[in-house]
Amino acid sequence: MSVYLSQDTIKYLENKVLTCKREICGEIVIDTNGIAHLSNEAIGQNINGRELCDHQYRTPIIFHTHPLNTYSYPSIEDINKVSKRLNYSCSIIASQWGIWQVYRLPGITKTIDIMEPKNHEKIIPYIRDLHYKTKLASNVSKPYDETTIRYIHRNIDYINDNILGVYGTIIEITPWNKISKGLKIHI
Ligand SMILES: [Zn+2]
């Protein structure tokens with residue numbers, strides 16, 4: 001069954017990214033029509049100056065936002081949450097550039113802890129590069145800059161093909177302007 005986030009939910013998340021300085025997080029539940037709904041939503045608390053969610057998730061599909069004052073891509077901890085264990089099948093992260101999904105490929109039970117130094121040093125240059133590219137581009141007045149989206153794709157393609165994909169974890173981004181009739185999510 002294909003599962004979709006509705007256009008109303010997408011608009012809600014986009015609005016939270018653009019207007020709320022605190023991170024929003026929660027669980028995703030799927031109804032009998034294959035529509036994914038946000039559930040058990042919480043708002044981030046100020047931890048060491050960052051407005052972070054500290055949520056005890058009960059579902060395999062989870063979501064959170066990255067407000068404009070934070071990273072516009074999944075953090076290394078966000079990726080590790082999915083790649084390290086089999087508890088989460090998909091993590092949805094709404095950011096300035098669109099909706100990210102970090103998800104597990106069905107049938108692959110290998111895992112990777114990317115906080116381990118030998119794995120960390122392989123992935124971190126690409127994450128750091130995402131940081132510089134998106135940071136530079138956030139000064140651009142265009143809201144969805146195609147050149148930046150291309151850079152983002154180049155980096156995540158490399159990470160997927162050479163580091164995470166082997167362990168059944170994939171990172172994907174759908175830019176906001178490419179979402180018009182809901183978004184298919186990986187479950
Ligand atoms: Zn995050």
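The values are calculated or read from the model by the stated rules, or taken from the named source; none is laboratory data. All of these numbers come straight from a predicted model, not from anything done at the bench. Cβ placement follows ideal geometry from the backbone for every residue including glycine, while neighbour counts extend to all protein chains displayed.
When Ser141 is tested against (1) surrounded by 12 or more Cβ atoms within 10 Å (Cβ to Cβ); (2) modelled with pLDDT under 90; (3) small (Gly, Ala, Ser), exactly one condition is not met: (1). Taken over the stretch 76-102, the criterion of being closer than 18 Å to Asn162 by Cα and either small (Gly, Ala, Ser) or surrounded by fewer than 21 Cβ atoms within 10 Å (Cβ to Cβ) (or both) is satisfied by Ile76, Ser83, Lys84.
Return a yes/no flag: does the stretch 104-126 have any residue that is at pLDDT 90 or above, touching a Phe, Trp or Tyr at 6+ places or on another chain (Cβ under 8 Å) and within 16 Å of the ligand (Cβ to nearest atom).
Residues of the stretch 104-126 at pLDDT 90 or above: 104-126.
From the residues that got through so far, the ones that are touching a Phe, Trp or Tyr at 6+ places or on another chain (Cβ under 8 Å) too are 104, 108, 110-112, 126.
Checking which are within 16 Å of the ligand (Cβ to nearest atom) leaves us with none.
Within the stretch 104-126, not a single residue is at pLDDT 90 or above, touching a Phe, Trp or Tyr at 6+ places or on another chain (Cβ under 8 Å) and within 16 Å of the ligand (Cβ to nearest atom).
Scanning the stretch 74-90 for residues that are under 10 Å from the mean Cα position of the chain (by Cα) and either closer than 10 Å to Thr169 by Cβ or more than 13 Å from the ligand (Cβ to nearest atom) (or both) gives Ile79, Cys90. Scoring Asn69 on the criteria (1) in a strand (DSSP E or B); (2) within 16 Å of the ligand (Cβ to nearest atom) leaves a single failure, condition (1).
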